[in-house]
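Quick notes on the structure that follows.
The values are calculated or read from the model by the stated rules, or taken from the named source; none is laboratory data. Just so we're clear, the structure is a prediction, and the values are computed from it rather than from any experiment. Note: ideal-geometry Cβ built from the backbone for every residue, glycine included; neighbour counts use all protein chains shown. Accessible surface is based on the protein model in full, side chains and every heavy atom, while ligands, DNA and RNA are left aside. Shrake-Rupley method; radii C 1.70, N 1.55, O 1.52, S 1.80 Å.
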Amino acid sequence: MILLAFVCTLAVGLGLLRMPFGYYTLLRIVLCLAGAVGIAAARRRDSYVWLWVYGALAVLYNPILPLKLGNKGLWIGLNIISLGCLWVGAFRFRGTMTKTS
């Protein structure tokens, strides 16, 4: 989970630059997948609060039915909040994805 949070941080950092539209679609896919991985980790630990947090991230960054906010400044703020959730969750659930119980 920590590696995933690091990759998401790099991807969001690159998104602060002027990038082609396709990059932001890729960014949505990466962050949506991070939310899905977080859902799996939260389910393994029976953490319903984190299940909702990661579910909200997956819905927010859903690339199939994208949420259009229009304002890049608003997206930057949401990305920072999302990264904060990913990092806190990464430390909370570290090692969860490697356990086989």
Ranked by GNM mean-square fluctuation in the chain (Cα springs under 10 Å), the top entry among 60, 69, 14 is 69
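With viscosity set to 0.692 mPa s at 37 °C, what whole-number translational diffusion coefficient in µm²/s follows for the range 1-41 from Stokes-Einstein and a Kirkwood radius over Cα pairs? List each step's numbers first, then the result.
Numbers: Rh = 10.5 Å.
It diffuses with D of about 312 µm²/s by this estimate.
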If one compares the long axis through the Cα atoms of helix 48-60 with the longest principal axis of the Cα atoms of the chain, the angle in degrees, nearest 10, works out at 20 degrees
Range in the chain, longest, excluding exposed trypsin sites (Lys or Arg not before Pro) [loop by DSSP; at most 11 other beta-carbon atoms within 10 Å]: 19-67
Hey, of (1) 1.46; (2) 1.06; (3) 0.99, which did the structure itself give for Cα Rg over 2.2 N^0.38 Å when calculated? (2)
A chain fully extended from residue 40 to residue 92 at 0.36 nm per residue, minus the present Cα-Cα distance, gains in nm 17.4 nm
Rounded to whole Å², per residue accessible area for the range 26-100 with a 1.4 Å probe reads 61 Å²
Quick check: the angle from helix 21-44's long axis to the longest principal axis of the chain, C-alpha only, nearest 10 degrees? 20 degrees
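Relative contact order, percent, of the chain when contacts are C-alpha pairs under 8 Å separated by at least 6 residues?
Working: 84 pairs, mean separation 38.9, N = 101.
Relative CO of the chain lands at 39 percent.
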Report, in degrees rounded to the nearest 10, the 0 to 90 angle that the Cα long axis of helix 2-15 makes with the longest principal axis of the chain. 10 degrees
Summarise the accessible area of the chain (1.4 Å probe, protein heavy atoms) by the percent that is carbon and sulfur. 73 percent
